[in-house]
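Have a look at the structure below, then the notes.
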Amino acid sequence: LRVFRTRVTEQKVQTLEEAITRSFLELTHKSDLITAVRIDPETLRIALIDASGVEVPKSRLSSGERQMLAVAILWGLARASGRELPVIIDTPMGRLDSSHRMNFVEKYLRNASHQVIVLSTDTEIVGPYLRALDGAVGRKYWLHYVEAEGRTEVVQGYFPDQEGATA
């Protein structure tokens, strides 16, 4: 049973490595730096590998690339599971530069799952990012805090000043 368990774990880890690698490369276009993600089956430690097979320290990634790695891990887990699970993501673009933001919106948000809930600030998904989601958004809600009453109300639609924004 131990041998069976080891082989199954190695098989699952390999599937997960492939799914995370694919997700990371789709999100970052870093094939010149990272060509694979490896996972130690014993410790589940993740390593980034370059074209020559050498481990790349995660410290070489920008903060946005590290955030994309975290998203790639979650996306890879979902892909490897083979199950459609809803995704909820909170303030996803805070550390991303403009090229990573558009990649995130076009590649991840449009394809992460059959149901994606994004909790964003009023400056994250606006203008071209909001337009990139046209046709993929079922409903938009704005959580508006009414300070005078000390409560939050749910309003149908997006942030009022962003709904028609073109910036």
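What net charge do the residues around Gln156 carry, taking every other residue with its C-beta under 10 Å from that of Gln156, with Lys and Arg at +1 and Asp and Glu at -1?
+2
Report, in degrees rounded to the nearest 10, the 0 to 90 angle that the Cα long axis of helix 2-28 makes with the longest principal axis of the chain.
Its long axis makes an angle of about 50 degrees.
Please list the equivalent ellipsoid semi-axes of the range 97-167, computed as the square roots of five times the alpha-carbon gyration tensor eigenvalues, in descending order and whole angstrom.
Rounded to whole Å, the semi-axes are 24, 14, 11.
Can you pull the semi-axes for the range 1-44, root of five times each eigenvalue of the Cα gyration tensor, sorted largest first, whole Å?
Output for the range 1-44: semi-axes of 26, 9, 6 Å.
If I build a Gaussian network model for the chain, linking alpha-carbon pairs within less than 10 angstrom, which residue out of Thr43, Thr35, Thr21 has the largest mean-square fluctuation?
Of Thr43, Thr35, Thr21, the most mobile in the Gaussian network model is Thr43.
At 222 nm, what value in deg cm²/dmol follows for the chain if DSSP H runs of at least 4 each add -39500 (n - 2.57) and the sum is divided by all its residues, to the nearest 500?
-11500 deg cm²/dmol
Which percent, nearest 5, of DSSP beta bridges in the chain are antiparallel?
75 percent
Dipole of the chain, Cα-centred, from +1 at each Lys and Arg C-beta and -1 at each Asp and Glu C-beta, to the nearest 20 debye?
For this selection, approximately 740 debye.
Between Arg7 and Ser99, what length comes free when the chain is fully extended (0.36 nm per residue of separation minus the Cα-Cα distance, one decimal in nm)?
29.1 nm
Angle between the Cα long axis of helix 63-81 and the longest principal axis of the chain, 0 to 90 degrees, nearest 10?
Around 70 degrees separate the two axes.
If only Cα atoms are counted, what is the Rg of the range 50-92, and what is its Dmax, in Å?
So, for the range 50-92, Rg and Dmax equal 13.3, 37 Å respectively.
Starting from the alpha-carbon convex hull of the chain, give the projected area averaged over all orientations, in nm².
Value for the chain: 12.8 nm².
So if each residue of separation counts as 0.36 nm, and I subtract the Cα-Cα distance between Arg22 and Arg151, what length gain in nm does that give?
42.1 nm
Loop by DSSP (not H, G, I, E, B), at most 16 other beta-carbon atoms within 10 Å: where is the longest site-free stretch of the chain for GluC sites (Glu not before Pro)?
85-146
So what's the range 46-130 giving for Cα Rg divided by 2.2 N^0.38 Å, two decimals?
With N residues counted in the range 46-130, Rg over 2.2 N^0.38 Å equals 1.18.
Quick check: at a probe of 1.4 Å, how many percent of the accessible area of the chain sits on carbon and sulfur atoms?
Ligands and nucleic acids excluded, carbon and sulfur reach 51 percent.
Please name which of Ser52, Leu69, Val118 has its Cα lying farthest along the dipole of the chain towards the positive end, using unit charges on Cβ (Lys, Arg +1; Asp, Glu -1) and the Cα centre as origin.
Ser52
The values are calculated or read from the model by the stated rules, or taken from the named source; none is laboratory data. Bear in mind the structure is a predicted one, so any value in this text is a computation, not a measurement. Glycine gets a Cβ as well: all are built from the backbone with ideal geometry, and neighbour counts include every protein chain shown. The accessibility values were calculated without ligands, DNA or RNA, using every heavy atom of the protein model including side chains. Shrake-Rupley method; radii C 1.70, N 1.55, O 1.52, S 1.80 Å.
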